[in-house]
Amino acid sequence: MPTTEANDRVQLVFSLFDADGNGVLEADDFELMGTRVIAAVPEAGDGAKSRLLDAFRHYWQTLVRELDTDGDGRVSPEEFTAIVLDPERFDATVDEFADALATIGDPDGDGFVERPHFTALMTAIGFQRPNTDALFDAFQPVDGERVPVTTWADGIRDYYRPEKAGIPGDHLTAGTVR
């Protein structure tokens, strides 16, 4: 059964994915979001940028295929809640997205995401700065300013798990929903 925290996380991510603010998710939202996010780390390589854009596109394609119950080519908030109720349908898509997002945050390829890159990416997605800072700190950074790419990718995966509560990702919803 989904936790209250999981429902809060899903509401927040829906509002962020709705990049144009029209109340539904559409392909253009994922193009707009992807473009904003890759612009946040200009020094990232073309391969990492392309991989993230592909992950955003695949995320959209999976959502519309799995959740668009009325066939209108859009995903409503009500349709989107199924991601909480049946997350296994989205595991491969979330894995691809998590790996691509965490990897673009490591443009020098040393296996760590530095705080400025993390903050830039999370801000480009639309998360609030205090919540982003709290999340980064919850990942227990090395030397205060770096987290392993794998730690962030695993944190993204956990964010989409309905049975999870008290996870670092819950910092993203503090003060934003309910």
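The values are calculated or read from the model by the stated rules, or taken from the named source; none is laboratory data. Since this is a predicted model, take the numbers as computed values, not measurements. Quick reminder, even Gly has a Cβ in these numbers, built from the backbone with ideal geometry, and neighbours come from all protein chains shown. With ligands, DNA and RNA removed, areas are computed over all heavy atoms of the protein, side chains included. Shrake-Rupley method; radii C 1.70, N 1.55, O 1.52, S 1.80 Å.
Descriptive notes on the structure:
- The test for being in a helix (DSSP H, G or I) and surrounded by fewer than 18 Cβ atoms within 10 Å (Cβ to Cβ) does not hold for ALA102.
- So ALA48, is it within 24 Å of PRO162 (Cβ to Cβ), open to solvent by less than 40 Å² (accessible area, probe 1.4 Å), in a helix (DSSP H, G or I) and not hydroxyl-bearing (Ser, Thr, Tyr): no
- Any hit, the range 140-147, residues being among the basic types (Lys, Arg), assigned to a loop (DSSP other than H, G, I, E, B) and open to solvent by 20 Å² or more (accessible area, probe 1.4 Å): no
- Residue within the range 22-39 that is outside any helix (DSSP H, G or I), at positive phi and more than 15 Å from the chain's Cα centre (by Cα) present: yes
- Against the numbered list (1) modelled with pLDDT of 95 or more; (2) open to solvent by 60 Å² or more (accessible area, probe 1.4 Å), PHE118 comes up short only at (2).
- Of note, LEU16 satisfies the criterion of being touching a residue at least 24 places away in the same chain (Cβ under 8 Å) and not hydroxyl-bearing (Ser, Thr, Tyr).
- Residue match in the range 61-79 (condition: open to solvent by 60 Å² or more (accessible area, probe 1.4 Å), modelled with pLDDT of 95 or more and not in a loop (DSSP other than H, G, I, E, B)): yes
- Residue among ALA134, ALA165 that is open to solvent by 50 Å² or more (accessible area, probe 1.4 Å), touching a residue at least 12 places away in the same chain (Cβ under 8 Å) and farther than 26 Å from GLN61 by Cα: ALA165
- Only one of the numbered conditions (1) in a helix (DSSP H, G or I); (2) over 21 Å from THR4 (Cβ atoms); (3) without any contact (Cβ under 8 Å) to a residue 24 or more places away in the chain is not met by ASP158, and that is (2).
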